[in-house]
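**Q** For reference, the structure I am asking about is given below.
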2 protein chains.
Amino acid sequence: MSSFIPEHPKILRQSIRAGEFLGSTGGLHLGKVQANLVMLPVSEALEFLIFCFRNPKPCPVIEVVEAGSFEPIVSAPGADLRTDIPKYLVYENGTLVSETTDITSYCNQQMVSFLLGCSYTFESALLNAGISIRHIEQNTIVPMYITSVDTKSTNNLYGPLVVTMRPIPTKQLEKAIQITSLYPSVHGSPVHVDNYQDIGIKNLSKPDFGDPVEIKKDEIPVFWACGITPQIVAQKSKPPLMITHAPGHMFVTDLDNDKFLINESILINRLEG
Amino acid sequence: MSSFIPEHPKILRQSIRAGEFLGSTGGLHLGKVQANLVMLPVSEALEFLIFCFRNPKPCPVIEVVEAGSFEPIVSAPGADLRTDIPKYLVYENGTLVSETTDITSYCNQQMVSFLLGCSYTFESALLNAGISIRHIEQNTIVPMYITSVDTKSTNNLYGPLVVTMRPIPTKQLEKAIQITSLYPSVHGSPVHVDNYQDIGIKNLSKPDFGDPVEIKKDEIPVFWACGITPQIVAQKSKPPLMITHAPGHMFVTDLDNDKFLINESILINRLEG
């Protein structure tokens, strides 16, 4: 991670665009919502939005940028989704073909961009409630696991749910569940607690992405749905083109984390979730 | 309304399909969720789903049926959306071209179907809480008004918000707001209370759809977002084809109304709403 920590997301995005900030955004505690990016050709976008609707825990949509624009006018006016993320991944027919800092050359067709909520927002709320988070203490990337749980498919998009894991002291478990329940747009409450074999994880010390963390004696592993899920879905169901952020390298919006605290006026019930 | 009131929605849908039940579904208190229908060619569907995402109060999506099928497998397995609604409206380029009981002949291209929540669900909860509803007492159709409030547009879909109005005794207002807030998937809390001129309504006794209702001395008019909104959006923004239910003639699902009581596990935060 860069030692340069800008105070406002606009400045950070300019630094990223200029190639001056290339690191993970995970350690930047600006109090602002960070988002997962999924970008698809317009021909694939309907199916992906239906997929998000059916899988709101891994894929909580916070903004859709229609074809013809790359500016998320609700969450980060002035930003450009083609240049303002430190690292992108490009999947063609399910295969990772490029890791790059600028995707402009891939955007010569009509693309639709989706910003999905990220667990950094609820981690901030957990920390504020006195619940410490191991991978933040360790300054590493949260461990992520591909599970044996299927997402709810569409005609052509399918694949397993990906989860993040945080060890939580048993006596703080209830509080951790309550707090994250209040943030449904950033993955919400856990999808699983404890027995990791039940969701097809073989070895907690060997995550599929990120770094392993120690689980202490009085702690149990708690699993939340993860915004990396669409990338594994791309690998399985092989859409012609899907561009995403690289894990840990998120899009930093102008929105305060508190914006996503549950609020009926901006809630919607999701039957299919 | 027909005097025949079947006890199960499956039986009702069969009767509708057979042409034996042609009436409004408004008076059928089966305790089941009724839904608004919007059906569009696949080429128009992405934009409509983005429109719903941006306007969750008038357009709360409860199920999407992908092109190639007309069976809502989550909310009404076995049903056929082309035949199981008592009356449909067909809009071509924004003009109403047909009122019909069977839309099979319009479905020879790839169509995507959207079921949207309907206020009958929260009305049931209001009645259970001792709040009487004038148009139900009168056995008429709820008054609906086209407002001066714009929906949040997409590139090609735009138009005014449509609202329903129910007179509520001032002393029950707080309770009515609280209860409907708990049902975000069926339009949720009111969008406006009292001064109807503020939202561009000229005369409460002349609704744009439905029937006028009396407002008593101790009551104030309360306005909720209405699922007819997409039909007015179709008239304004003129998509090549949009098929909807006729007002008051809803799709009756198998789902219990209680299913839509707020529940974090099926909630999602909607920033753009």
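**Q** Of the residues that sit in the stretch A:194-214 and are in contact (Cβ under 8 Å) with a residue 60 or more places away in the chain and not aromatic (F, W, Y), which one is farthest from A:Q172 (Cα to Cα)?
**A** A:D208
**Q** Go through (1) more than 28 Å from B:T154 (Cβ to Cβ); (2) in contact (Cβ under 8 Å) with a residue 24 or more places away in the chain and name the single condition A:L127 misses.
**A** (2)
**Q** Name the pairs: first residue in the stretch B:48-71 and more than 7 Å from chain A (Cβ to nearest Cβ), second residue among the polar types (S, T, N, Q) and not in a loop (DSSP other than H, G, I, E, B), Cβ to Cβ under 8 Å, at least 6 apart or on different chains?
**A** So the pair list comes out as B:N55/B:T229; B:P58/B:T229; B:C59/B:T229; B:V65/B:S113; B:F70/B:S113.
**Q** Filter the stretch A:222-247 for residues that are free of Cβ contacts under 8 Å to residues at least 60 places away in the same chain and farther than 13 Å from A:I133 by Cβ and give the result.
**A** Hits for the stretch A:222-247: nothing passes.
**Q** Quick check on the stretch B:11-30: of everything there that is touching a strand residue (DSSP E or B) at 6+ places or on another chain (Cβ under 9 Å) and part of a loop (DSSP other than H, G, I, E, B), which residue is nearest to B:I103 (Cα to Cα)?
**A** So the first thing to find is which residues in the stretch B:11-30 are touching a strand residue (DSSP E or B) at 6+ places or on another chain (Cβ under 9 Å), and the list is B:12-13, B:16, B:25-26, B:28, B:30.
Cutting the leftovers down to part of a loop (DSSP other than H, G, I, E, B) gives us B:25-26, B:28, B:30.
Details: B:T25: 18, B:G26: 21, B:L28: 23, B:L30: 25 Å.
Filtering first and then ranking leaves B:T25.
**Q** Next question, about the same structure. What's the number of the condition B:S189 fails, among (1) modelled with pLDDT of 95 or more; (2) within 14 Å of chain A (Cβ to nearest Cβ); (3) over 28 Å from B:V97 (Cα atoms)?
**A** B:S189 satisfies every listed condition except (1).
**Q** Determine whether B:N108 is free of Cβ contacts under 8 Å to residues at least 12 places away in the same chain and in the same structural domain as B:P240 (by TED's automatic domain parsing). Break it down stepwise before answering.
**A** Working: free of Cβ contacts under 8 Å to residues at least 12 places away in the same chain: yes; in the same structural domain as B:P240 (by TED's automatic domain parsing): yes.
Judged against the criteria, B:N108 is a match.
**Q** Now a separate question. Considering the stretch A:224-254 alone, what residues qualify as being assigned to a strand (DSSP E or B) and buried (at least 23 other Cβ atoms within 10 Å of the Cβ)?
**A** Within the stretch A:224-254, A:W224, A:A225, A:M242, A:I243, A:T244, A:H245, A:F251, A:V252, A:T253 qualify.
**Q** Among (1) under 24 Å from A:S24 (Cα atoms); (2) part of a helix (DSSP H, G or I), where does A:V213 come up short?
**A** (2)
**Q** Specify the residue that is modelled with the highest pLDDT; the eligible residues are those in the stretch B:70-89 that are in contact with an Asp or Glu (Cβ under 8 Å, 6 or more places away or on another chain) and of a type in the set (V, I, T).
**A** B:T83
**Q** Among the residues of the stretch B:91-113, are any within 14 Å of chain A (Cβ to nearest Cβ), outside any strand (DSSP E or B), among the hydroxyl-bearing types (S, T, Y) and surrounded by fewer than 21 Cβ atoms within 10 Å (Cβ to Cβ)? Full working, then the answer.
**A** Here is the first cut: in the stretch B:91-113, the residues within 14 Å of chain A (Cβ to nearest Cβ) are B:110-113.
Next, from what is left, pick out any that are outside any strand (DSSP E or B): B:110.
Checking which are among the hydroxyl-bearing types (S, T, Y) leaves us with none.
The answer is no; no qualifying residue exists.
**Q** Go through (1) outside the structural domain of A:A18 (by TED's automatic domain parsing); (2) out of contact with any Gly (no Cβ under 9 Å at 6 or more places or on another chain) for A:P160 and report which single condition fails.
**A** Exception for A:P160: condition (2).
The values are calculated or read from the model by the stated rules, or taken from the named source; none is laboratory data. Predicted, not measured: the structure shown is a model, and the values here were computed from it. Note that we place each Cβ from the backbone using ideal geometry, even for glycine, and neighbour counts take in every protein chain shown.
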